[in-house]
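Step one of this worksheet: look at the structure below.
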Amino acid sequence: MTHAPVTLSVENITVTFGNDVPAILDLSLQVAEGEFVAIVGPSGCGKSTLLKVISGLLPARSGHIRLPASEAGHKPKIGFMFQRDTLLPWATVTSNIAVGCELSGMPKEQHAARVAELIALVRLTGYENHYPGALSGGMRQRVSLARLLAYDPDIFLMDEPFGALDYQTKIVMGRELLRIWEASRRSIIFVTHDIEEAVALADRVIVMSPRPGRLVASHESLFERPRDPRSLRGDARFGALVQTIWSELAIAD
Amino acid sequence: MVDNVMDASLTPAVSRRRQGGFFGSLFFQQSLFLAAMLALWEVLGAYVFDPFWSSRPSLIGERLWVLAMKGDLTWHMSATLTEAGLGLALGSVVGVSLGLLLARYTRAARITEPLFMGLYSLPRVALAPLFILWFGIGLPAKVMMSFSMVVFVFVLNVLEGVRSLDRDPIDLMRTMGASNGYIVRRVLLPAVLTWIMASFRISVGLALIGALVGELIGSSRGLGWYIERSAGQLDTTGVFTGIVVLIAIAMVANNIVALVSNRLTRWRA
């Protein structure tokens with residue numbers, strides 16, 4: 001399936017809850033087609049709020065979100081992934097992934113083949129008829145990821161998708177995400193509080209500060225694609241960039 | 001494969017369990033307990049108490065046989081089962097619909113909830129004389145009695161089921177452009193189904209109580225009528241026979257509901 005060039009443009013967004021300090025103040029951000037952008041920041045800096053505004057779940061007080069129309073003038077499809085897996089407990093792995101196909105507008109007769117393909121892609125072969133309750137946290141997030149891919153979104157919004165997983169599983173899931181993303185190259189906004197994860201995965205790392213949520217820095221990645229996040233961690237430039245972002249967060253605080 | 005079987009049979013734990021087999025099974029021990037209680041009752045009824053007060057299992061068994069042969073058993077059982085069954089069916093359909101409606105119109109739910117809670121707390125026996133007055137001593141009065149016992153269970157459970165829905169999957173589907181119909185079919189109905197099945201589990205017994213109360217107060221047929229008439233003739237064996245049949249019906253009905261419920265909510269296992 002071909003995708004028209006999609007760039008996401010966030011223009012001067014301000015979000016307030018009640019009369020408090022704005023959760024997000026005058027934030028602007030451009031995401032190029034196929035770009036992997038990570039947003040880091042301490043909790044309460046409004047990074048999750050930003051994703052909700054982009055997806056339309058929350059209204060902004062002022063500013064615009066521009067999502068150029070994708071092919072055939074359709075509204076571009078936004079795929080959201082939460083930290084919690086949000087799977088349907090009464091549906092099997094197959095049926096949960098099929099939700100993505102059903103909502104993507106794909107012809108019904110293609111669903112079964114696509115779901116089977118995705119189950120292989122996220123390495124869940126053999127678990128097709130399991131219910132989420134019988135799966136580990138990492139496996140549940142793989143199902144979530146497969147559901148997201150089944151929807152075939154133009155933009156992926158990922159809100160700490162691996163935040164609830166243990167360290168090893170998180171690393172593995174990050175590598176899987178890169179493997180899958182490198183094959184399809186959609187735009188991703190990946191929110192995390194883990195600086196190393198952001199540097200290892202993204203093309204660009206954006207640093208946000210809390211109260212009010214603002215953009216304080218933006219770093220282009222120094223690393224080539226395809227990359228293996230695990231071997232990056234030994235690289236001196238990797239450590240230096242992580243240090244820089246650390247200090248920016250400390251200043252912002 | 002053959003090697004595995006040989007190995008397994010040699011393991012002490014497995015062979016002990018195999019020996020324990022039937023006699024160690026819960027079913028056997030339950031049956032044994034029941035048989036012991038019946039034997040105790042029989043002995044006490046024969047040698048200690050006058051069977052006029054407590055009857056005896058052998059007399060009850062004999063009565064059951066006679067009633068079954070004469071066709072009286074099916075005559076009374078079918079009446080009670082029809083009353084309870086129709087009441088339960090009507091109560092579940094009306095209760096689920098009403099519960100979904102109230103969940104949809106939250107303001108209406110908050111206005112009407114005190115009344116529903118009040119009716120739910122009311123001992124429904126108090127309505128029996130009214131139903132006899134309105135519907136006579138035939139089938140409709142008993143069905144209404146059963147209905148009044150179960151309908152609020154469904155209303156309140158369905159309402160609670162919708163209220164306890166997990167919002168996150170719904171938000172997620174909304175960002176993916178899901179229609180209301182899709183969310184109802186994929187999220188709301190499966191979530192509420194577990195609450196409906198729980199309501200059925202509670203309601204089977206309540207529906208029987210409704211039918212029985214209706215029969216005790218005014219009827220010409222049914223297990224309640226049979227118990228009432230036997231008591232009037234100081235026929236303790238007749239009373240106990242009616243009770244035994246009711247216990248059997250309740251147990252079978254409960255097991256059927258549990259079986260269906262487990263099949264429909266297999267994901268919980």
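The values are calculated or read from the model by the stated rules, or taken from the named source; none is laboratory data. Predicted model, so just to flag it, every value in this text is computed and none were measured. Here the Cβ positions follow ideal geometry from the backbone for every residue, glycine too, while neighbour counts run over all protein chains shown.
In the range B:1-41, how many are surrounded by fewer than 10 Cβ atoms within 10 Å (Cβ to Cβ) and at pLDDT 85 or above?
Number of matching residues: 2.
Go through the range B:154-172 and count every residue that is at the interface with chain A (Cβ under 9 Å from one of its Cβ atoms) and not aliphatic (A, V, I, L, M).
Going through the range B:154-172 one residue at a time, the tally reaches 4.
Residues that are aromatic (Phe, Trp, Tyr), within 26 Å of the chain's Cα centre (by Cα) and surrounded by fewer than 19 Cβ atoms within 10 Å (Cβ to Cβ): does the range B:96-105 have at least one?
Within the range B:96-105, none of the residues are aromatic (Phe, Trp, Tyr), within 26 Å of the chain's Cα centre (by Cα) and surrounded by fewer than 19 Cβ atoms within 10 Å (Cβ to Cβ).
Within the range B:173-204, track down each residue that is among the small types (Gly, Ala, Ser), over 23 Å from residue A:156 (Cα atoms) and within 13 Å of another protein chain (Cβ to nearest Cβ).
B:181, B:191
Tell me the residue from A:51, A:29 that is over 30 Å from residue A:120 (Cβ atoms) and either at pLDDT 80 or above or assigned to a loop (DSSP other than H, G, I, E, B) (or both), please.
One residue alone meets the criteria, A:29.
Which of (1) surrounded by fewer than 19 Cβ atoms within 10 Å (Cβ to Cβ); (2) at pLDDT 80 or above; (3) within 16 Å of residue A:210 (Cβ to Cβ) is the odd one out, the single condition residue A:20 does not satisfy?
Looking at each condition in turn, residue A:20 falls short on (2).
For residue A:79, only one of the following conditions fails: (1) at the interface with chain B (Cβ under 8 Å from one of its Cβ atoms); (2) not in a strand (DSSP E or B). What is its number?
Every condition holds for residue A:79 apart from (2).
So which of B:81, B:59, B:73, B:44 ends up being surrounded by 13 or more Cβ atoms within 10 Å (Cβ to Cβ) and without any contact (Cβ under 8 Å) to a residue 40 or more places away in the chain?
B:44
Being within 14 Å of another protein chain (Cβ to nearest Cβ), of a type in the set (Ser, Thr, Tyr) and over 27 Å from residue B:264 (Cα atoms) is true for just one of A:48, A:62, A:28, A:43. Which residue is that?
The match here is A:48.
Is the range B:175-193 home to any residue that is in contact (Cβ under 8 Å) with a residue 40 or more places away in the chain, assigned to a helix (DSSP H, G or I), assigned by TED's automatic domain parsing to the domain that holds residue B:150 and more than 15 Å from residue B:104 (Cβ to Cβ)?
Yes, the range B:175-193 has at least one match.
If only one of A:175, A:211 is modelled with pLDDT under 85, of a type in the set (Lys, Arg) and surrounded by fewer than 18 Cβ atoms within 10 Å (Cβ to Cβ), which one is it?
Sole residue among the options that is modelled with pLDDT under 85, of a type in the set (Lys, Arg) and surrounded by fewer than 18 Cβ atoms within 10 Å (Cβ to Cβ): A:211.
Based on what the data block shows, is residue A:183 more than 30 Å from residue B:188 (Cβ to Cβ), without any contact (Cβ under 8 Å) to a residue 24 or more places away in the chain and among the hydrophobic types (A, V, I, L, M, F, W, C)?
For residue A:183, the condition - more than 30 Å from residue B:188 (Cβ to Cβ), without any contact (Cβ under 8 Å) to a residue 24 or more places away in the chain and among the hydrophobic types (A, V, I, L, M, F, W, C) - is met.
Tell me, which residue of the range B:239-269 that is within 14 Å of another protein chain (Cβ to nearest Cβ) and surrounded by 15 or more Cβ atoms within 10 Å (Cβ to Cβ) is farthest from residue B:207 (Cα to Cα)?
B:267
Only one of B:204, B:158, B:187, B:151 is of a type in the set (Val, Ile, Thr) and more than 22 Å from residue B:116 (Cβ to Cβ). Can you tell me which?
Criteria check complete, one pass: B:187.
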